[in-house]
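Working notes for the structure below.
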Amino acid sequence: MTTILQNAVVTKRVTATATDENYKYNVAYEVGDNGKVLNSVNINAVDKDGKYAGSMNYQNANKSVNAPDGIDGPSLMAMLDAVIEEVKATLTV
(Lines give C-alpha, C1' and ligand atoms only; values in the text may rest on other atoms or scores of the structure.)
Protein backbone atom coordinates (compact mmCIF):
# COMPACT_ATOMS: atom_id res chain seq x y z
CA MET A 1 0.00 0.00 0.00
CA THR A 2 1.29 3.42 -0.91
CA THR A 3 1.41 5.93 1.93
CA ILE A 4 -0.32 9.19 1.09
CA LEU A 5 -0.22 10.90 4.49
CA GLN A 6 2.75 12.70 5.92
CA ASN A 7 2.51 13.82 9.53
CA ALA A 8 2.85 17.58 9.79
CA VAL A 9 2.32 17.90 13.52
CA VAL A 10 2.02 15.17 16.13
CA THR A 11 0.01 15.84 19.29
CA LYS A 12 0.21 13.68 22.40
CA ARG A 13 -2.54 13.53 25.05
CA VAL A 14 -1.60 12.22 28.49
CA THR A 15 -3.59 11.45 31.63
CA ALA A 16 -1.91 11.21 35.02
CA THR A 17 -2.55 11.56 38.72
CA ALA A 18 -0.84 13.48 41.49
CA THR A 19 -1.41 13.86 45.22
CA ASP A 20 -0.36 16.15 48.03
CA GLU A 21 -1.21 16.26 51.72
CA ASN A 22 -4.73 17.59 51.06
CA TYR A 23 -5.92 16.60 47.59
CA LYS A 24 -5.82 14.05 44.79
CA TYR A 25 -5.48 15.46 41.29
CA ASN A 26 -6.59 13.96 37.99
CA VAL A 27 -4.44 15.53 35.30
CA ALA A 28 -4.87 15.64 31.52
CA TYR A 29 -2.42 17.49 29.34
CA GLU A 30 -1.66 17.87 25.66
CA VAL A 31 1.73 18.39 24.07
CA GLY A 32 1.86 19.46 20.43
CA ASP A 33 4.23 20.48 17.66
CA ASN A 34 6.03 17.13 17.86
CA GLY A 35 6.75 17.41 21.60
CA LYS A 36 7.90 21.03 21.54
CA VAL A 37 4.89 22.91 22.94
CA LEU A 38 2.61 22.46 25.94
CA ASN A 39 -0.85 23.12 24.54
CA SER A 40 -3.02 22.63 27.60
CA VAL A 41 -3.33 21.25 31.13
CA ASN A 42 -6.63 20.36 32.83
CA ILE A 43 -6.70 19.26 36.45
CA ASN A 44 -9.61 18.22 38.66
CA ALA A 45 -9.02 17.99 42.40
CA VAL A 46 -10.86 16.03 45.07
CA ASP A 47 -10.25 16.03 48.81
CA LYS A 48 -9.32 12.94 50.84
CA ASP A 49 -13.04 12.06 51.13
CA GLY A 50 -13.48 12.21 47.35
CA LYS A 51 -15.41 15.50 47.46
CA TYR A 52 -14.89 17.98 44.61
CA ALA A 53 -12.22 20.51 45.54
CA GLY A 54 -11.74 22.47 42.33
CA SER A 55 -10.45 22.57 38.80
CA MET A 56 -7.41 24.19 37.24
CA ASN A 57 -6.67 24.93 33.61
CA TYR A 58 -3.77 26.17 31.52
CA GLN A 59 -4.18 27.06 27.87
CA ASN A 60 -2.32 29.48 25.62
CA ALA A 61 -0.26 30.67 28.62
CA ASN A 62 -3.45 31.55 30.55
CA LYS A 63 -4.16 29.95 33.94
CA SER A 64 -7.42 29.63 35.82
CA VAL A 65 -8.39 28.07 39.14
CA ASN A 66 -11.98 27.49 40.22
CA ALA A 67 -12.72 26.19 43.70
CA PRO A 68 -15.57 26.24 46.19
CA ASP A 69 -15.33 28.43 49.31
CA GLY A 70 -13.16 26.93 52.01
CA ILE A 71 -10.73 25.23 49.60
CA ASP A 72 -7.02 26.04 49.79
CA GLY A 73 -6.68 27.99 46.53
CA PRO A 74 -2.93 28.62 46.88
CA SER A 75 -2.31 24.85 47.13
CA LEU A 76 -4.30 24.28 43.94
CA MET A 77 -2.36 27.00 42.12
CA ALA A 78 0.94 25.58 43.39
CA MET A 79 0.02 22.15 41.99
CA LEU A 80 -0.95 23.65 38.64
CA ASP A 81 2.39 25.46 38.48
CA ALA A 82 4.28 22.29 39.47
CA VAL A 83 2.54 20.21 36.80
CA ILE A 84 3.22 22.83 34.13
CA GLU A 85 6.89 23.01 35.15
CA GLU A 86 7.26 19.22 35.16
CA VAL A 87 5.68 18.79 31.72
CA LYS A 88 7.68 21.67 30.22
CA ALA A 89 10.88 20.00 31.48
CA THR A 90 10.10 17.05 29.16
CA LEU A 91 9.60 19.16 26.03
CA THR A 92 12.08 18.93 23.19
CA VAL A 93 13.57 22.01 21.61
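The values are calculated or read from the model by the stated rules, or taken from the named source; none is laboratory data. Worth saying up front: this structure is predicted, and the values here are computed from it rather than measured. Note that we place each Cβ from the backbone using ideal geometry, even for glycine, and neighbour counts take in every protein chain shown.
Could you grab me the full set of residues in the stretch 67-87 that are within 30 Å of K36 (Cβ to Cβ) and of a type in the set (D, E, K, R)? Result: D81, E85, E86. Annotation note: of G54, G35, the sole residue that is on the phi > 0 side of the Ramachandran plot, modelled with pLDDT of 95 or more and in contact with a strand residue (DSSP E or B) (Cβ under 9 Å, 6 or more places away or on another chain) is G54.
For the stretch 25-45, indicate whether the set of residues that are surrounded by 16 or more Cβ atoms within 10 Å (Cβ to Cβ), touching a Gly at 6+ places or on another chain (Cβ under 7 Å) and either of a type in the set (D, E, K, R) or farther than 14 Å from I84 by Cα (or both) is non-empty. Checking the stretch 25-45: at least one residue is surrounded by 16 or more Cβ atoms within 10 Å (Cβ to Cβ), touching a Gly at 6+ places or on another chain (Cβ under 7 Å) and either of a type in the set (D, E, K, R) or farther than 14 Å from I84 by Cα (or both).
Here S75 clears all of (1) over 16 Å from the mean Cα position of the chain (by Cα); (2) surrounded by 13 or more Cβ atoms within 10 Å (Cβ to Cβ) except the condition numbered (1). Scanning the stretch 46-63 for residues that are surrounded by fewer than 17 Cβ atoms within 10 Å (Cβ to Cβ) and touching a Pro at 6+ places or on another chain (Cβ under 8 Å) returns a single hit, Y52. For the stretch 43-58, give me each residue that is of a type in the set (S, T, Y) and touching a residue at least 24 places away in the same chain (Cβ under 8 Å). Result: Y58, single match.
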